Amino acid sequence: MKDVLIPLGGLIFIGLIAYAMIREGRKQRKAKDSVFRDFADKNGLRYQEQDDKKAQGFSQDLDGIGRFKSPSLGRVIPKDVVYGVMHGSEAILFRHYTRFSEGWAKEWFVAGVISEEILAERCAVQFCKSRADKEKIYLPDPVVKELKVGTFNLVVRAMSPSCAGKIMDDDVLRQLAGLAGNLSFRPEIQVREKRIVAYLADRNAPVVDVETLEDLFKFTNSAVGIVAQMDGQ
């Protein structure tokens, strides 16, 4: 009898662990959904549980974020899409998941804004605090500039300095670093002409709540103003 009960008990134990993991995963997904819903309600924006091509169209050429297929997961669609006009800017926020290889995946929490003018042809700005922060599997462009500002080493990536445009300016980078220093998370920026996105840079991001989304959007929107003001100087 013991020979039967011991394996049976092991199977039951494994089953309970699997059930608990599935239940916890569902609980976490619902919590993330509610954050985006609450953010949309608070700011008078529209919410979609699953993207209908708005987020995909906005981010299709962004490094890492613009990947919607995975060899192991198949088609991967952005979730919790929030969009509309906020503080006078056309905005979109969403959650997305990308698996680059076995054991290397990232969940993105993204805020995007469309500027009235071209900010840069194509570039990324990293706010690094360690050497590991600089090396990212999803950012292929070479480094065209580095600037130490406070606790950050700002790294600008682009195919050429001209592709980064006004974002190469030291004063622009210092102001961006000042904004980033007030956040509870470390951001990262990508720009494609009039489109700019900011997202939580670290893979193991802190708990995302409504305040985090608000800070992320404000950072993105303020970055537009910082870069755009260079035309008047």
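The values are calculated or read from the model by the stated rules, or taken from the named source; none is laboratory data. Predicted, not measured: the structure shown is a model, and the values here were computed from it. No Cβ is skipped: glycine too gets one built from the backbone with ideal geometry, and neighbour counts run over all protein chains shown.
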Taking region 66-85 only, how many residues are at pLDDT below 95 and closer than 22 Å to GLU214 by Cβ? 0
Could you figure out which of (1) touching a residue at least 24 places away in the same chain (Cβ under 8 Å); (2) within 18 Å of ASP63 (Cα to Cα) isn't true of GLU135? (1)
Does ASP169 satisfy the criteria of being touching a strand residue (DSSP E or B) at 6+ places or on another chain (Cβ under 8 Å) and charged (D, E, K, R)? no
Within region 125-157, considering residues that are surrounded by 11 or more Cβ atoms within 10 Å (Cβ to Cβ) and among the hydroxyl-bearing types (Ser, Thr, Tyr), the one nearest to ASP169 (Cα to Cα): THR151
Quick check on my filter: what residues within region 105-124 are more than 16 Å from the chain's Cα centre (by Cα), hydrophobic (A, V, I, L, M, F, W, C) and either on the phi > 0 side of the Ramachandran plot or surrounded by 19 or more Cβ atoms within 10 Å (Cβ to Cβ) (or both)? LEU119, ALA120
Whether any residue in region 54-65 is surrounded by 11 or more Cβ atoms within 10 Å (Cβ to Cβ), polar (S, T, N, Q), closer than 27 Å to TYR138 by Cβ and modelled with pLDDT of 95 or more is what I want to check. yes
Looking only at helices (runs of 4 or more DSSP H) that lie completely in region 125-233, which have at least 2 residues being within 14 Å of the chain's Cα centre (by Cα) and under 23 Å from HIS96 (Cβ atoms)? 210-228
Expected single match for modelled with pLDDT of 95 or more and farther than 17 Å from ASP61 by Cα among PHE94, PHE127 is PHE127
Can you list the strands (runs of 3 or more DSSP E) found entirely within region 37-104 that contain at least 3 residues being among the hydrophobic types (A, V, I, L, M, F, W, C)? 79-86, 89-101
